[in-house]
1. Among the residues of the stretch 1-25 satisfying the criterion of being hydrophobic (A, V, I, L, M, F, W, C) and within 20 Å of Thr37 (Cβ to Cβ), which is farthest from the chain's Cα centre (by Cα)?
2. Kindly indicate which of Glu25, Glu57 is open to solvent by less than 90 Å² (accessible area, probe 1.4 Å), charged (D, E, K, R) and at pLDDT below 95.
3. Does Thr45 satisfy the criteria of being surrounded by fewer than 10 Cβ atoms within 10 Å (Cβ to Cβ) and among the β-branched types (Val, Ile, Thr)?
4. Here are Ile52, Ile8: which of them is exposed (fewer than 10 other Cβ atoms within 10 Å of the Cβ), touching a Phe, Trp or Tyr at 6+ places or on another chain (Cβ under 8 Å), at pLDDT 90 or above and of a type outside the set (Lys, Arg)?
Amino acid sequence: MFNYKSKIHYANPKSKSLRVGLPKEIVKVLNVKPGDTMDWEVDITDNKITVIAKKLEK
């Protein structure tokens, strides 16, 4: 189990979208690089949020 903290920023000053950086340890585990596509699976059950992040293969 990993525990990391990340700051959330606006993706663009004129946008309401948000952006968060991936900690370098997660980048290494997922073997992701700029331009890769991620798949995010989110499950909300009994007020508990589980997020599964996967790198999509090209």
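1. Checking each candidate, the answer is Ala11.
2. On inspection, the qualifying residue turns out to be Glu25.
3. Spelling it out, Thr45 is indeed surrounded by fewer than 10 Cβ atoms within 10 Å (Cβ to Cβ) and among the β-branched types (Val, Ile, Thr).
4. Among Ile52, Ile8, only Ile52 is exposed (fewer than 10 other Cβ atoms within 10 Å of the Cβ), touching a Phe, Trp or Tyr at 6+ places or on another chain (Cβ under 8 Å), at pLDDT 90 or above and of a type outside the set (Lys, Arg).
The values are calculated or read from the model by the stated rules, or taken from the named source; none is laboratory data. Since the model is a prediction, treat every value here as computed from it, not as a measurement. Heads up, the Cβs are rebuilt from the backbone with ideal geometry, glycines too, and the neighbour counts pull from every protein chain shown. For accessibility, only protein heavy atoms count, side chains too; no ligands or nucleic acids. Shrake-Rupley method; radii C 1.70, N 1.55, O 1.52, S 1.80 Å.
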